[in-house]
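Contents: one structure, followed by commentary.
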Amino acid sequence: MDEPQNEGRRDFLKKACAVCIGGATMVPPIGAGVAVLLDPLRRKSAQGEFVQVGFVSALPENGAPRKFNVLTTREDAWNKMKNVPVGAVYVRRTGPQTVQALNVVCPHAGCFVDYVQERNSYLCPCHNSTFALDGRINDPKSPAARGMDELETQIRNGNEVWVKFQNFRAGEAAKLPA
Ligand code: FES
């Protein structure tokens, strides 16, 4: 007696399932398409990559630091831009073939730290954090919770200074990648 009604219900369920399955199979391709479209926008800098910043021969013999801009090539699906500034570092000689590099960004709140030649140390102009030449906090009253962020370095081909550039989160005692 109610056969046509059941038939109709079955038909409806079949169509509903088809719509659900069809919709579900569309999600991954759409997601992948959006990711591909947005991926170039997410590639912003040389974080964590070695970048050549200068030459050992350009560093003062007395161990005073010299500031270098960190320039990199930004490449995405649409553009390739050379020499894009992504930060800056202080580099100083620590031996005949060794150097130390510090990120210029203050670990307190992100201002740029100055090298003060008369004191042979660093001073942040924003809230007066002071740092020794090796980047350590040299005044207990400094508001920075950690010293300046040291970066890994390499000397390549006898004279090129390469720095593994990375920014770190400000305001934290731990050195955490930004
Ligand atoms: S940002 Fe450097 S001391 Fe505050």
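The values are calculated or read from the model by the stated rules, or taken from the named source; none is laboratory data. Remember, it's a predicted structure, so these values are computed and weren't measured experimentally. Every residue, glycine as well, gets a Cβ built from its backbone with ideal geometry; the counts of neighbours run over all protein chains shown.
Of everything in the range 62-89, what is part of a loop (DSSP other than H, G, I, E, B) and either surrounded by 20 or more Cβ atoms within 10 Å (Cβ to Cβ) or at positive phi (or both)? Give them in sequence order. Steps first, answer last, please.
Taking the range 62-89 as the starting set, the residues that turn out to be part of a loop (DSSP other than H, G, I, E, B) are 62-65, 76-79.
Scanning the range 62-89 gives GLY63, PRO65.
Quick one: which residue in PRO125, PRO107 is in a loop (DSSP other than H, G, I, E, B), within 16 Å of the chain's Cα centre (by Cα) and either farther than 16 Å from VAL70 by Cβ or modelled with pLDDT of 95 or more (or both)?
PRO107
Inside the range 105-134, can you point out the residues that are touching a Phe, Trp or Tyr at 6+ places or on another chain (Cβ under 6 Å) and within 11 Å of the ligand (Cβ to nearest atom)?
Correct list: VAL113, TYR122, PHE131.
One line per residue, one yes/no per condition, for (1) within 23 Å of the chain's Cα centre (by Cα); (2) surrounded by 15 or more Cβ atoms within 10 Å (Cβ to Cβ); (3) not β-branched (Val, Ile, Thr):
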site	(1), (2), (3)
VAL91	yes, yes, no
GLY95	no, no, yes
LEU133	no, yes, yes
ASN138	no, yes, yes
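Within the range 135-151, can one find any residue that is out of contact with any helix residue (DSSP H, G or I) (no Cβ under 8 Å at 6 or more places or on another chain), outside any loop (DSSP other than H, G, I, E, B) and either away from the ligand (no atom under 14 Å from the Cβ) or modelled with pLDDT under 95 (or both)?
yes
Might you let me know whether the range 155-168 holds any residue that is farther than 23 Å from SER57 by Cα, within 10 Å of the ligand (Cβ to nearest atom), polar (S, T, N, Q) and surrounded by 13 or more Cβ atoms within 10 Å (Cβ to Cβ)?
Checked against the condition, which is being farther than 23 Å from SER57 by Cα, within 10 Å of the ligand (Cβ to nearest atom), polar (S, T, N, Q) and surrounded by 13 or more Cβ atoms within 10 Å (Cβ to Cβ), the range 155-168 yields no hits at all.
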